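No value in this document is a laboratory result; all are computed from the given coordinates. This one's a predicted model, so the numbers in the text were calculated from it and none came from an experiment. So basically every Cβ, Gly included, is an ideal-geometry build from the backbone, and we count neighbours across all protein chains shown.
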Amino acid sequence: MEKVKVGIIGSGFIGPTHIEAIRRLGFVEVIAIANHGLEAAEKKAAELGIQKAYGDYRDMLRDNDIEVVHNCTPNHLHFSINKEIMLAGKHVLSEKPLAMSSQESAELVELAKKHNVVHGVNFNYRQFSIIKQLKTMINSEELGKVNLVHGSYLQDWLLFETDFNWRLAPEIGGKSRVVADIGSHWCDTVQYVTGKRIVEVFADLATVIPVRKKPASNVATFGAQKGQEEVYEDVPIQTEDYASVLVRFEDGTRGVFTVSQVSAGRKNRLSFEINGSKNSAYWNQEEPEKLWIGHRDRPNEILLADPALFSLEARSSIHHPGGHNEGWPDALKNKMLNFYTFIKEGKNPQSDQANFATFADGHVSMCITDAILESHEQQKWVKVQLGQEVHS
């Protein structure tokens with residue numbers, strides 16, 4: 001069987017995780033990687049066992065063997081590179097945020113339609129098997145009517161003033177940091193699992209560390225190393241370390257979430273609780289195999305991820321027997337499996353339902369971020385404006 005041929009642009013933290021997930025599929029092959037400069041690209045290609053290396057991604061886009069390109073670059077490059085990938089007639093899977101503004105993301109949605117390419121955004125948390133199970137439980141009204149949704153996404157990798165990364169610079173990371181970087185994941189996950197859109201927000205943002213010490217050497221995402229001696233320069237910080245946001249969903253359901261990258265001890269803790277008229281459910285990404293189910297009139301339960309206990313709809317998203325825990329890399333694998341199965345089966349991105357986040361979902365995320373920033377600035381409720389109607 002002919003394998004789907006793939007090229008990867010970018011080799012920081014996320015690029016190799018894409019490659020590892022793709023390689024687990026079996027019917028997809030990463031044949032090329034592009035980096036900034038040929039020497040860096042060849043070094044990374046040798047490390048990862050990839051046959052082709054490009055010092056300029058535009059040369060990769062002219063490679064006729066490549067059918068799909070993954071955009072794993074810093075945020076400020078997402079729009080232009082996503083656009084060039086589609087203009088080259090190739091399918092595209094982009095890291096989030098999809099672009100630097102909702103105007104740009106809307107343009108990408110339209111361009112994807114025009115060129116009829118398969119398009120995805122890496123909102124991978126919706127791909128956890130237990131999230132799929134919870135979605136089916138909500139759809140079958142096992143929780144009853146959803147009344148409240150609340151939770152947080154907390155990290156600590158930017159806790160100290162000496163922690164620094166390209167994401168802190170607005171010209172590279174964007175005008176929002178913690179909301180766009182991890183708040184977007186929280187919003188996408190709860191919208192997916194409940195089937196409800198966030199339509200209005202009231203936000204409070206804060207820059208907890210207003211001046212940071214930038215080291216002379218570059219530091220990768222999640223790559224701070226304790227005990228190293230460094231030379232620093234003071235850099236004023238313009239983006240938020242923290243945000244709390246009240247949300248209203250399209251059917252009147254209420255919610256609230258907090259996001260932070262300065263919460264000691266929380267490494268990558270996306271969590272949420274859904275309170276329904278019958279029961280509640282709580283999930284925490286750092287313990288991804290467990291779903292807490294709360295009751296009023298009988299003992300609470302813990303559902304462990306197990307295909308024997310899952311609904312038929314959720315069963316295909318779990319790949320090992322109960323007790324063989326699946327986690328973050330497995331959710332990313334599910335993302336790749338659904339994306340590449342869509343391509344392999346020759347489905348139409350304009351008419352067939354995608355079982356993964358698309359550019360339309362990426363655009364919705366950008367619009368929510370815009371509304372949150374406007375709400376904080378004006379200190380009032382702000383409606384999420386999608387512009388023209390966008391369907392995922």
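What to note about this one:
- Distance between the pseudo-spin-label points of residue 328 and residue 110 (7 Å out from Cα toward the beta carbon): 3.7 nm.
- Projected onto planes of every orientation and averaged, the convex hull of the alpha-carbon atoms in region 137-265 covers 8.9 nm².
- Whether region 191-347 is rounded, prolate or oblate, judged on the alpha carbon gyration tensor where a/c under 1.5 counts as rounded: prolate
- Region 1-31: GluC sites (Glu not before Pro) in DSSP coil with no more than 11 other Cβ atoms inside 10 Å: 2
- Gain on full stretching of the segment that runs from residue 160 to residue 353 - 0.36 nm per residue minus C-alpha separation: 65.1 nm
- Separation between Cα centres of region 46-111 and region 137-155, rounded to whole Å: 34
- Principal axis extents of the Cα atoms in region 97-199, from largest to smallest and rounded to whole angstrom, are 46, 44, 25.
- All alpha carbon pair distances within region 301-361 were sorted into 10 Å bins beginning at 0; the resulting P(r) in whole percents reads 19, 43, 28, 9, 0.
- Pairs of Cα atoms farther than 18 Å apart, region 291-392, %: 68
- In percent, rounded to a whole number, the relative contact order of region 282-321 is 27, using alpha-carbon pairs under 8 Å and six or more apart.
- Longest to shortest principal axis, alpha-carbon extents of the chain, angstrom: 64, 55, 45
- Using the Cβ-Cβ distance between residue 136 and residue 254 with R0 = 22 Å, the FRET efficiency computed as 1/(1 + (r/R0)^6) comes to roughly 0.40.
- D_trans [Stokes-Einstein, Kirkwood Rh over alpha-carbon pairs] for region 139-186, 10 °C, 1.306 mPa s, µm² s⁻¹: 117
- Evaluated over region 87-138, the Cα radius of gyration and Dmax, each in Å: 14.1, 41
- The chain: DSSP helices with Cα axial extent of at least 27 Å and average Kyte-Doolittle hydropathy no lower than -0.5: 359-378
- Normalised contact order of the chain, rounded percent, pairs of Cα under 8 Å and 6 or more residues apart: 20
- Listed pairs 145/333; 5/335; 175/380; 196/335; 43/96; 96/175 exceeding 24 Å between Cα atoms: 145/333; 43/96
- Ordered by the count of other Cβ atoms within 10 Å of each Cβ, fewest first, 277, 11 give 277, 11.
- Modelled FRET efficiency - R0 30 Å, residue 36 with residue 374, Cβ distances, 0.05 increments: 0.30
- Candidate cross-link partners of residue 44 among the lysines, defined by an alpha-carbon separation under 17 Å and a same-chain spacing of 8 or more, comprise 52.
- Split the chain at each of the chymotrypsin sites (Phe, Trp or Tyr not before Pro) in a DSSP loop with at most 15 other beta carbon atoms within 10 Å, and the longest piece is 223-380.
- Across region 245-302, the volume of the C-alpha convex hull divided among the residues equals 111 Å³ per residue.
- At 1.567 mPa s and 4 °C, Stokes D of region 13-83 from Kirkwood alpha-carbon radius, µm² per second: 103
- For q = 0.14, 0.30 Å⁻¹, Debye-computed log10 I/I(0) when each Cα of region 60-107 counts as one equal scatterer: -0.31, -1.14
- Over the chain: helical MRE at 222 nm, DSSP H runs n ≥ 4 each giving -39500 (n - 2.57), nearest 500: -9000 deg cm²/dmol
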